[in-house]
Every structure is written in structure tokens, then in C-alpha cells.
Amino acid sequence: EYMGAAHRNISPLCLLFRLGYEDRPFSKRLKKIRQFLEQGSVSRSDVLLELGNGIAALHSVPTAIYSFLRCMESHPDVPDSYNCLQRTIMYCILLGGDTDTIATMAGAIAGAFYGEEQVPQIWRESCEAYEETEKLADGLYELYHQPA
């Protein structure tokens, strides 16, 4: 089950601390994410310089994490009409580079955090095997929530 309404009371920095960033192999980049979040306004060029936007995990995973955390709040480069999940994906696309990888990871994080209701219906319907996947997901949910 996703975090639902609880997400409104969790700050991006709190989520970063929950990752245990001090003990992870990407700790330098996670520390940079913390600095960026504390700083508030960070240029896309600084994000690319410090976190990267390449295909290697070291240059894409931290960027995806930052994009998700940064887009929990509005961003001047993304229309205000976008919800948090849409904003996260759009921000990743604006960064350039390996956008499909970074946007997919950040979008998956945002989708798990905010829930299915933030995924526009037209996006769902344009995905290959959407209906079959939705049935499988519903079945897994029901299986998990069966009384013991």
C-alpha cells in the first residue's frame, strides 16, 4: 500500500534521512542532494554537474532521487497544473541526457509514493498491456490483503 495522504506531512529531507545516506555507496551524491534541497533553488546545470544525467547508475540513480524529492513542491520550469508525479517526470525530461532511464526511475518512486490516482488515465491507456498489468496488480493486492 502506498503512503497515501501521509505524504503531505513528510519533508524531502526527512525522506533522504530515511535512506540512511551516510552508509551507502553513493553517499557523496546523496549528501549533495541534501545540500541542494536545503539550498532550495538549484540550476539544472548544477544538478547535471554534481549528480549527472548519464546511463551509469552513479549518474542516474541520484538524479532520479533528487528529481522526485525536488518535485514534491512546485518548480518554476514545470507548469503549476501538473501534479507531483507529472512534475517529477517533466523535470527529468528537462534535464536532458538519459531521460528515459532517469524519468522512469523517478516516476516509479513518485508513483509508489503518491499512488495510482496521480497517473493520468491517458498515460495508463497508452501503456502496453495496461489492462492485463492492472488486473495482475489488483490480484497481488487482494492476495496480500487476504485475512490470515
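Bear in mind that the values in this text are calculations on the coordinates, not laboratory data. Here the structure is a predicted model, which means the values were calculated and not measured. Glycine gets a Cβ as well: all are built from the backbone with ideal geometry, and neighbour counts include every protein chain shown.
Brief remarks follow.
- Inverse of mean 1/r across different Cα pairs in region 13-114, Kirkwood, Å: 13.3
- Eligible aspartates and glutamates near residue 32 by straight Cα distance, threshold 15 Å, same-chain separation 8 or greater: 22, 23, 46, 50
- Residue 93-residue 126 pseudo-label distance in nm [points 7 Å out on the Cα-to-Cβ vector]: 0.7
- Among 77, 98, 138, residue whose mean-square fluctuation peaks in a GNM of the chain (springs only between Cα atoms under 10 Å): 138
- From the Kirkwood radius over Cα pairs of region 66-148, Stokes-Einstein at 10 °C and 1.306 mPa s returns a whole-number translational diffusion coefficient of 113 µm²/s.
- Among 15, 136, 30, the order by Cβ neighbours within 10 angstrom, fewest to most, reads 136, 15, 30.
- Mean Cα-pair separation over length for the chain, i.e. relative contact order, pairs under 8 Å, 6 or more apart, %: 22
- Among 71, 84, 92, sorting on how many other beta-carbon atoms sit within 10 Å of each Cβ, with the fewest leading, yields 84, 71, 92.
- Each residue in 91, 130, 66, 144 was given a count of other beta-carbon atoms within 10 angstrom of its own, and listing them fewest first yields 144, 130, 91, 66.
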